[in-house]
Amino acid sequence: MNRSNKLSAQELKELVLNSFIAEKNMDIQAGLKSVDEEFKVTEMVASKDGNHLPSLSGKKLRDLMKLAFKTKGRQYTFKSVLADEESQTVIVEFIETYPDPKTGQIYRTPQISVCSIKNGKIFRTRHYMDPRLSFENLTESQIESSFQ
């Protein structure tokens, strides 16, 4: 990290991608090291129950992270990773692939995460996706066709 407490574009990308790799590898300690104590995640979705743009932080978020980091077989395919040094922001377009632990059914969800970095750690993340797709049986070719 340079003197102004700002990470370079490469450092920003590495920080965020390493947080994904920690989750994939079920390494909760590495995951927690990459996030700020005040880390907050906001899902940029409209839910059926009227709880639009739900956010999690603090103990509830850390408990959810511990659960998410136990998902075996989770994979990420990164499509675009952009970093802005001035705003200390990383935008990641990716496909998350994960098996249903009960049935083994594979699910694929295209998403975008916008991560704000503060003092060398992920401070805020916004996830953009259509949660209905998380319950569909999208094939790799269906998703790949949207990137052509």
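List of remarks:
- Calculated FRET value between Ser80 and Met44, using beta carbons and R₀ = 22 Å, to 0.05: 0.80
- Against the main long axis of the alpha-carbon atoms of the chain, helix 58-68 sits at an angle near 50°.
- Relative contact order (percent, whole number), the chain, Cα cutoff 8 Å, 6+ residue spacing: 25 percent
- If you run the Gaussian network model on the chain, springs between alpha carbon atoms under 10 Å, then out of Ser47, Ser113, Ser55 the most flexible one is Ser47.
- When the Cα convex hull of segment 9-145 is projected onto planes of every orientation, the mean area is 8.6 nm².
- Of the trypsin sites (Lys or Arg not before Pro) found in segment 30-113, the ones in coil according to DSSP and having at most 13 other Cβ atoms within 10 Å of their Cβ are Lys48, Lys70, Lys72, Lys102.
- Alpha-carbon centroid distance for the pair segment 39-78 / segment 22-38, whole angstrom: 13 Å
- Computed from Cα atoms, the angle from the helix 9-24 axis to the main principal axis of the chain rounds to 40 degrees.
- Positive minus negative residues near Ser47 (Lys, Arg vs Asp, Glu; Cβ under 15 Å): -1
- Percent of beta bridges antiparallel (DSSP, the chain, rounded to nearest 5): 85 percent
- Once the Cα-Cα distance is subtracted from the 0.36 nm per residue extended length, the Leu67 to Ala30 segment shows a gain of 11.9 nm.
Only the coordinates and a few stated rules stand behind these numbers; no lab work does. What you are looking at is a predicted structure, and each value in this text was computed from that prediction instead of being measured. All Cβ positions, glycine included, derive from the backbone under ideal geometry; neighbour counts span all protein chains shown.
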